[in-house]
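Reading through the structure tokens given below for one structure.
The values are calculated or read from the model by the stated rules, or taken from the named source; none is laboratory data. Here the structure is a predicted model, which means the values were calculated and not measured. As a convention, Cβ positions derive from the backbone with ideal geometry for all residues, glycine included, and neighbour counts pool all protein chains shown. The protein model used for the area step is the full one, side chains on, heavy atoms only, and it has no ligands, DNA or RNA in it. Shrake-Rupley method; radii C 1.70, N 1.55, O 1.52, S 1.80 Å.
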Amino acid sequence: MHYRGELTHTKPGIVKLAVIGAVAAGKSTLIAKLVSGAYIDSSMEMGVDVSSWMISVDEFTSIEASLFEFDEHEEFKFFQAAAVTGARIALIVFDCSSFESLLAVEEWVGMVSNIPHDRKIFVGTKLDLCDDVDYDAIHEITSRHGIDFLLVSSKEGTNIGTLARRLGEMAQRV
Ligand SMILES: Nc1nc2c(ncn2[C@@H]2O[C@H](COP(=O)(O)OP(=O)(O)OP(=O)(O)O)[C@@H](O)[C@H]2O)c(=O)[nH]1
Ligand SMILES: [Mg+2]
């Protein structure tokens with residue numbers, strides 16, 4: 001699936017996108033669904049997995065997005081914090097079928113505290129598995145940070161187009 005044309009008027013150049021969140025929250029699957037542009041490279045070092053992709057913004061413009069993923073080993077925290085300093089946009093991912101992963105966003109959001117709130121979004125994945133979404137809990141936790149949330153299903157494609165548009169809007173603010 002390609003969202004060319006939905007990410008309009010984004011400034012050209014390199015926009016680093018930090019994708020963070022609990023283990024198995026669905027980060028890799030979301031990235032695979034969201035970013036359909038050319039793959040550039042990836043590396044895994046000191047607990048930081050960086051994949052770079054070219055995203056077509058519109059007919060005239062592309063952006064290069066570096067997608068960061070982190071594992072949760074304590075010994076890597078220092079390197080992870082250093083790696084994320086260049087990020088200008090962040091997706092803080094949780095699994096909407098796991099209350100534990102929702103609670104974990106509290107930890108992850110601190111890692112991107114240098115990014116303005118209007119360039120961060122909480123993304124709840126696996127919406128297709130959530131029969132009974134606890135919107136009150138999600139709202140309570142996310143609103144404490146003044147950051148919007150969006151629930152998606154990478155499996156079924158629900159709200160992936162909306163997330164692509166939100167990314168385009170956030171990139172415009174960089
Ligand atoms: N049903 C459903 N399963 C999903 C969805 N997104 C991810 N999954 C599944 O959830 C599991 C974990 O997904 P990953 O994308 O590997 O999660 P991750 O956050 O990258 O995990 P780590 O890299 O190990 O931290 C996999 O079995 C995926 O197939 C979704 O939207 N719906
Ligand atoms: Mg992964």
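I need a count of the residues in the stretch 74-124 that are more than 25 Å from Thr162 (Cβ to Cβ) and either over 16 Å from the mean Cα position of the chain (by Cα) or not in a loop (DSSP other than H, G, I, E, B) (or both). Summing the residues that are more than 25 Å from Thr162 (Cβ to Cβ) and either over 16 Å from the mean Cα position of the chain (by Cα) or not in a loop (DSSP other than H, G, I, E, B) (or both) in the stretch 74-124 gives 13. Restricting to the stretch 72-104, name every residue that is open to solvent by less than 40 Å² (accessible area, probe 1.4 Å), touching a residue at least 40 places away in the same chain (Cβ under 8 Å) and under 20 Å from Ser51 (Cα atoms). Within the stretch 72-104, Val84, Gly86, Ala87, Ile89, Ala90, Leu91, Ile92, Val93, Phe94 qualify. Just to verify a result, which residue in the stretch 148-174, among those that are in a loop (DSSP other than H, G, I, E, B) and under 22 Å from Ile115 (Cα atoms), is most open to solvent (accessible area, probe 1.4 Å)? Ranking the qualifying residues of the stretch 148-174, first place goes to Arg173.
For the stretch 32-46, give me each residue that is modelled with pLDDT of 75 or more and either more than 8 Å from ligand 1 (Cβ to nearest atom) or in contact with a helix residue (DSSP H, G or I) (Cβ under 8 Å, 6 or more places away or on another chain) (or both). Within the stretch 32-46, Lys33, Leu34 qualify. Kindly indicate whether any position in the stretch 105-125 is of a type in the set (Phe, Trp, Tyr) and open to solvent by less than 40 Å² (accessible area, probe 1.4 Å). Yes: one or more hits.
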